[in-house]
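Trainee: Handing you a structure now.
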Amino acid sequence: MILGGGPAGAAAAITLARAGARPLVLERQRETGDAICGGFLSWRSLAALGRLGVEVAGAEAREVRLFSGTRSTRAPLPEPALGVSRRQLDSAMLRQAEAAGAMVERGVHVREADGRHIRADNEAFWAERLLLATGKHDLRGLARPKLAADPAVGLRVRLGPATALSKLIEGAIELHLFDRGYAGLVLQEDGTGNLCLAVRKSRLNEAGGPAALLQEIGREVPALGERLAWLAADAPIDAIAAVPYGWRTAETSGGIYRLGDQAGVIPSLAGEGMGIALASGVMAGEGAIRGETAQAFQRRLAGRTRRPIAIASAVLAAAERPGSAAALVKLMRLAPGLASLLARVTRVSH
């Protein structure tokens, strides 16, 4: 049984179904929505999707642009990446899972778990193997630990679509660094800009809420302020609290395979959240087919994600402080190859 029909759960379902199993995916949304996180697919993630038989269309990103205050620089990515909406990605992956033979039940809200005993709405289930793929949303009974005294909050808004906005950011993934947070911006297939922020709760509270925060950081980083001009006054601001960036685990209970963000949360400025989701889903599916225990799988996945998460966490620690963020911009300007190196060493092998 797979809880969650996002990239991690769908990758596991495709892998299992191709091997002749009939996995059951429980997805809480009746219609595929646009998740708050994700939307950037690295060259390695695109290759993984190709092996799963999944095709997506998006806006190509060939370089990374870094901003801090009035400073900025740019550097090429090792290989082209794509900006893709999660609505398109998740829909395509679930279609492929069903075509391969997986069963997908939508609109099933799993509320809590006691080991492999789970309760969904008014029904109870027991799973021989439980693949936990609920993304950044914790499941009661199997929640991740609360580690940070000043936790990160994830925010997401859409900008545009507008031709002028597209011309500003086309061909790039942008990272805007500010005090106690950062924002990533990339175009998606519909011409909108997907702006995702990770900000410490203390900064959000000081600003007085998400809308006021956007105004503040738009003044701190003028280039971001220029892009925020395409934020509609009534645009919704999606949020998720207490994101444990930098956390990963090698431990699990018997028969419970933790996938994606439920196994390890890489700081999103690395652009490898989707990479970890896809790799973990494939690894869990292949491991389950050959009888690998959940504990052995979890240790193997933790080993594979150790270096990328550690390096991305170190970069995040610098990016959240204005002084060191400015130094990062200067260093990348002097050594543009550093950005390509960091992009490579924060990928997860598939």
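Trainee: Kindly provide the set of residues from the stretch 41-61 that are part of a strand (DSSP E or B) and over 14 Å from Leu175 (Cα atoms), ordered by number. Steps first, please.
Mentor: Keep residues of the stretch 41-61 that are part of a strand (DSSP E or B), which gives 41, 59-61.
Leu41, Ala59, Glu60, listed by residue number.
Trainee: Can I ask one more? Of all residues in the stretch 124-145 being more than 22 Å from Ala35 (Cβ to Cβ) and assigned to a loop (DSSP other than H, G, I, E, B), which is nearest to the chain's Cα centre (by Cα)? Walk me through it before giving the result.
Mentor: Step one: of the stretch 124-145, the residues more than 22 Å from Ala35 (Cβ to Cβ) are 124-129, 141, 145.
Of the ones still in play, those that are also assigned to a loop (DSSP other than H, G, I, E, B) are 127-129, 141, 145.
Working: Ala127: 27, Glu128: 28, Arg129: 24, Gly141: 23, Pro145: 19 Å.
That would be Pro145.
Trainee: Looking at (1) over 24 Å from the mean Cα position of the chain (by Cα); (2) surrounded by fewer than 22 Cβ atoms within 10 Å (Cβ to Cβ); (3) farther than 28 Å from Ser72 by Cα; (4) not charged (D, E, K, R), which is the one condition that is false for Ala164?
Mentor: In the conditions (1) over 24 Å from the mean Cα position of the chain (by Cα); (2) surrounded by fewer than 22 Cβ atoms within 10 Å (Cβ to Cβ); (3) farther than 28 Å from Ser72 by Cα; (4) not charged (D, E, K, R), Ala164 misses (3) alone.
Trainee: Go over the candidates Ile309, Ile289 one by one and state the one that is surrounded by fewer than 18 Cβ atoms within 10 Å (Cβ to Cβ) and farther than 18 Å from Ala143 by Cβ.
Mentor: Ile289
Trainee: Quick one: Glu112 ticks every box in (1) touching a Pro at 6+ places or on another chain (Cβ under 9 Å); (2) under 30 Å from Gln295 (Cβ atoms) except a single one, so which number is it?
Mentor: Every condition holds for Glu112 apart from (1).
Trainee: I'm told Arg144 meets every condition in (1) farther than 30 Å from Ser202 by Cα; (2) touching a residue at least 60 places away in the same chain (Cβ under 8 Å) except one. Can you identify the failing condition by its number?
Mentor: Of everything listed in (1) farther than 30 Å from Ser202 by Cα; (2) touching a residue at least 60 places away in the same chain (Cβ under 8 Å), Arg144 misses just condition (1).
Trainee: Then there's this: Can you find even one residue in the stretch 22-36 that is closer than 25 Å to Leu168 by Cβ and hydrophobic (A, V, I, L, M, F, W, C)?
Mentor: Within the stretch 22-36 (the criterion being closer than 25 Å to Leu168 by Cβ and hydrophobic (A, V, I, L, M, F, W, C)), the answer is yes, since at least one residue qualifies.
Trainee: Quick check: anything in the stretch 182-194 of a type in the set (A, V, I, L, M, F, W, C) and farther than 23 Å from Leu328 by Cβ? Can you show your working first?
Mentor: We begin by selecting, within the stretch 182-194, every residue of a type in the set (A, V, I, L, M, F, W, C); these are 183, 185-187.
From what is left, the residues that are farther than 23 Å from Leu328 by Cβ are 187.
Yes, the stretch 182-194 contains a residue that is of a type in the set (A, V, I, L, M, F, W, C) and farther than 23 Å from Leu328 by Cβ.
Trainee: Only one of these is small (Gly, Ala, Ser), more than 19 Å from the chain's Cα centre (by Cα), crowded, with 21+ Cβ neighbours inside 10 Å and modelled with pLDDT of 95 or more: Ala81, Ala102, Ala10, Ala59. Name it.
Mentor: Ala102
Trainee: Hey, does the stretch 114-123 have a residue that's out of contact with any Ser or Thr (no Cβ under 6 Å at 6 or more places or on another chain), polar (S, T, N, Q) and surrounded by fewer than 17 Cβ atoms within 10 Å (Cβ to Cβ)?
Mentor: Yes, the stretch 114-123 contains at least one residue that is out of contact with any Ser or Thr (no Cβ under 6 Å at 6 or more places or on another chain), polar (S, T, N, Q) and surrounded by fewer than 17 Cβ atoms within 10 Å (Cβ to Cβ).
Trainee: If you go through the stretch 25-45 one residue at a time, do you hit one that is among the aromatic types (Phe, Trp, Tyr), in contact with a strand residue (DSSP E or B) (Cβ under 6 Å, 6 or more places away or on another chain) and closer than 21 Å to Gly275 by Cβ?
Mentor: yes
Trainee: Look through the stretch 321-350, keep the residues that are among the polar types (S, T, N, Q) and touching a residue at least 40 places away in the same chain (Cβ under 8 Å), and return whichever of them is surrounded by the most Cβ atoms within 10 Å (Cβ to Cβ).
Mentor: The qualifying residue surrounded by the most Cβ atoms within 10 Å (Cβ to Cβ) is Thr346.
The values are calculated or read from the model by the stated rules, or taken from the named source; none is laboratory data. The shown structure was predicted, so the numbers you read here are calculated from the model rather than taken from an experiment. Neighbour counts are summed over all protein chains in view; Cβ atoms, including those assigned to glycine, are modelled from backbone coordinates with ideal geometry.
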